[in-house]
Structures are given as C-alpha cells and as structure tokens.
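As structure tokens, the structure follows; a few thoughts come after it.
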Amino acid sequence: MTARSTSLAPVLPLFHLYGDPPEDQAFDFIHVETIASRSTRHAWTIRAHRHRNLFQLLLITAGGGEMSHEAATQPFAAPCAILVPATVAHGFRFRAHETEGWIATFTEDVAQGLGDRSGEALARLRALAADPVVPIASSSDAARLAALFGDLNEEHFLARDGYRLAMRACLALIAIGVGRLAAGRVRSGAVMLGSAEPVVEALRRLVEEHFRVERQLAFYADKLTMTADRLNDHIKRATGVTAGHLIRQRIITEAKRQLVFTSQPIHEIGYDLTFSDPSHFTRFFRKQTGMTPQAFREQGGG
C-alpha cells in the first residue's frame with residue numbers, strides 16, 4: 001500500500017488488534033490468526049495504524065502485497081516473514097484472494113521472556129525489524145515456520161491443559177527461526193543490524209516517552225545517570241551515530257507520520273512537536289530530510 005493511497009485521517013489510529021480499541025493493560029497476551037481471517041473483512045487492506053505494546057510476526061506463505069512502514073512503502077512476496085514492533089506505523093495491502101499465511105501478536109512482556117536474558121529477545125527482534133520484510137529462500141524453512149504457526153494456532157484454539165506454556169514454546173521457536181533468517185541478511189551484507197545493547201534500548205525507550213518535549217541530551221543522560229559526553233560516546237560506539245541523531249530521527253519519524261497519514265495542517269504538526277514557530281519546524285525538517293514538509297507531503301512520503 002503506497003503512502004499516497006492511504007486516506008488521510010485526523011490521527012494515526014491506535015489499536016489493540018486491528019479494529020479493536022487500545023487495551024493498555026494487556027499482559028501475557030498471545031494471539032494467532034490467519035491473514036485472511038481479518039483482511040477479508042477489510043477488502044484485503046489493513047490501513048495504516050499502530051499498536052502501543054504489541055509486537056507482531058507475520059508469515060506469508062502465498063501471494064504477497066505492499067506494506068506501509070512508517071512513511072515508506074515496501075513490497076513483499078511469499079514466502080517471507082514480516083516483523084512489526086510496537087509503536088511502529090504500519091499497514092498492508094494484500095493481494096486479494098491469493099494471499100495466505102499467519103499473524104502472531106503478543107505483548108512485549110511475552111517477548112521479554114523468550115531470550116536467555118530478560119529483554120534480550122525483544123531487543124534483538126526490534127533491531128532486526130529495522131528492515132521488516134524477511135525473504136525466506138528455503139522451502140524447508142518456510143514449511144518449518146508454517147508448521148510452528150499451525151501448532152501455535154492449535155494450542156490457542158483448543159486451550160488444553162498447559163496451552164499457555166505450549167503457546168510460549170511455539171512462539172519462542174517462531175521468533176528464533178525468523179530471527180535467524182533476519183540475522184542472515186546481516187551476514188550477507190543486506191542490512192545493518194541495530195544494536196540490542198541495554199543502554200541503547202534504554203535511551204530509545206526514554207526518547208519514545210519524552211521526544212515531543214525534551215530534545216536536550218543532558219535530560220536523557222541524567223535519566224540514565226550518565227554524563228552527556230559519556231552517553232554520547234556510548235551510543236556512538238554501539239550504533240555508529242550520536243545520541244542526538246537518535247533523538248532527531250524520532251522527531252522526524254513522528255513528523256513524517258503526521259504528514260503522510262493525517263490531514264493535520266503543517267503548522268499544527270510543528271506546534272504539536274513543540275517547535276516555536278512553523279519556520280523553525282520547516283528548517284529542521286529540511287535539514288534532516290533534504291526537503292520541506294510540504295514537498296514531503298505532496299510526494300506521499302518515501
């Protein structure tokens with residue numbers, strides 16, 4: 001689904017499962033369903049939206065389509081897996097009546113328990129999801145993942161004794177399998193693996209919470225009980241970019257979301273992001289992207 005074809009709305013919708021109101025108290029939640037079960041009710045188009053605390057793994061076994069990922073568009077074709085972390089703006093346009101596969105949805109507390117150390121698996125999946133579509137070259141890998149999704153669905157549907165533990169086990173195997181395939185792109189040079197280092201993840205969580213009003217590195221360094229210089233050096237060694245860059249990129253990501261997915265006037269977007277005046281917002285956006293907010297909106301994003 002191209003960003004231009006996404007109908008403008010006052011805000012980017014926030015859902016629990018697509019079409020359902022947010023559920024901020026969701027905990028220990030695992031859900032699985034076929035691609036067709038929900039997409040057929042929406043003409044095979046899942047419009048751009050986000051989830052506050054849900055991670056999603058999709059397996060496409062037949063067909064394909066286009067994914068909107070933040071303000072960009074990415075095609076996908078079977079067989080492939082797709083990773084969608086919490087808070088990321090995303091949507092899908094599936095090829096009608098020919099796309100098959102599964103989608104597993106789970107709260108982040110579930111993902112935190114999938115690794116050897118608390119939070120390790122979630123951090124790694126988030127890093128790998130920077131490039132969300134994971135092609136599956138091997139038919140045996142695709143068949144193995146499809147079987148695991150089938151097992152997950154059976155445990156979910158039958159709800160037999162011990163099914164919650166069994167679902168976690170199935171989900172762990174799915175996450176490991178998809179993670180290995182995604183990591184293979186890194187070894188082949190297809191993508192860069194983002195850092196799962198704890199300080200980087202802690203900074204990203206703080207930025208997610210405060211980026212609208214806090215731009216100064218000193219604020220985040222204080223929260224992490226570090227000096228600004230030490231935090232900046234730490235982030236640069238781990239990611240190759242400065243901490244300030246991560247903060248600015250989060251602001252730009254939000255601005256792009258609002259420009260592409262909403263009809264909000266540009267000056268209001270700037271004020272919502274606490275820029276003192278529209279010209280300041282325009283200068284900041286142009287410096288980071290090479291174009292004005294108006295030009296970005298007119299071309300429909302990336």
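Considering A77, A72, the condition of being at pLDDT 90 or above and of a type in the set (G, A, S) is satisfied by A77 alone. The number of residues in the range 289-302 being surrounded by 15 or more Cβ atoms within 10 Å (Cβ to Cβ) and assigned to a helix (DSSP H, G or I) comes to 4.
Condition check ((1) in the same structural domain as G91 (by TED's automatic domain parsing); (2) assigned to a helix (DSSP H, G or I); (3) in contact with a helix residue (DSSP H, G or I) (Cβ under 9 Å, 6 or more places away or on another chain); (4) of a type in the set (D, E, K, R)) across all residues:
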position	(1), (2), (3), (4)
G244	no, yes, yes, no
R248	no, yes, yes, yes
T253	no, yes, no, no
R257	no, yes, no, yes
E268	no, yes, yes, yes
Y271	no, yes, yes, no
T274	no, no, no, no
F281	no, yes, yes, no
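Of all residues in the range 85-106, those being within 13 Å of L54 (Cβ to Cβ), β-branched (V, I, T) and surrounded by 22 or more Cβ atoms within 10 Å (Cβ to Cβ) number 1. In the condition set (1) touching a helix residue (DSSP H, G or I) at 6+ places or on another chain (Cβ under 6 Å); (2) surrounded by fewer than 21 Cβ atoms within 10 Å (Cβ to Cβ), L128 is compliant with all but (2). Quick check on I176: is it modelled with pLDDT under 95, of a type in the set (A, V, I, L, M, F, W, C), surrounded by fewer than 23 Cβ atoms within 10 Å (Cβ to Cβ) and under 29 Å from A202 (Cβ atoms)? Taking the combined requirement at face value, the residue satisfies it.
Flag not set for L273, criterion: modelled with pLDDT of 90 or more and touching a Leu at 6+ places or on another chain (Cβ under 8 Å). The set of residues from the range 98-112 being more than 18 Å from G150 (Cα to Cα) and at pLDDT 95 or above comprises just one member, E98. For the range 113-120, the criterion of a residue being out of contact with any helix residue (DSSP H, G or I) (no Cβ under 8 Å at 6 or more places or on another chain), in a strand (DSSP E or B), on the phi < 0 side of the Ramachandran plot and modelled with pLDDT under 95 is satisfied by no position. Checking each residue of the range 237-253 against the condition of being in contact with a Lys or Arg (Cβ under 9 Å, 6 or more places away or on another chain), of a type in the set (A, V, I, L, M) and farther than 27 Å from S279 by Cβ gives no match.
Here F55 does not fit the description of being at pLDDT 95 or above and within 23 Å of T253 (Cα to Cα). Restricting attention to the range 147-173, the residues being under 18 Å from A81 (Cα atoms), touching a residue at least 60 places away in the same chain (Cβ under 8 Å) and either in contact with a Cys (Cβ under 6 Å, 6 or more places away or on another chain) or surrounded by fewer than 16 Cβ atoms within 10 Å (Cβ to Cβ) (or both) number 1. Consider K236 carefully, then state whether it is modelled with pLDDT of 90 or more, closer than 30 Å to P198 by Cα and over 22 Å from the mean Cα position of the chain (by Cα). No: the conditions fail for K236.
The values are calculated or read from the model by the stated rules, or taken from the named source; none is laboratory data. Because the structure is a prediction, the values reported are computed rather than measured. Note that each Cβ is placed from the backbone with ideal geometry, even for glycine, and that neighbours are counted across all protein chains shown.
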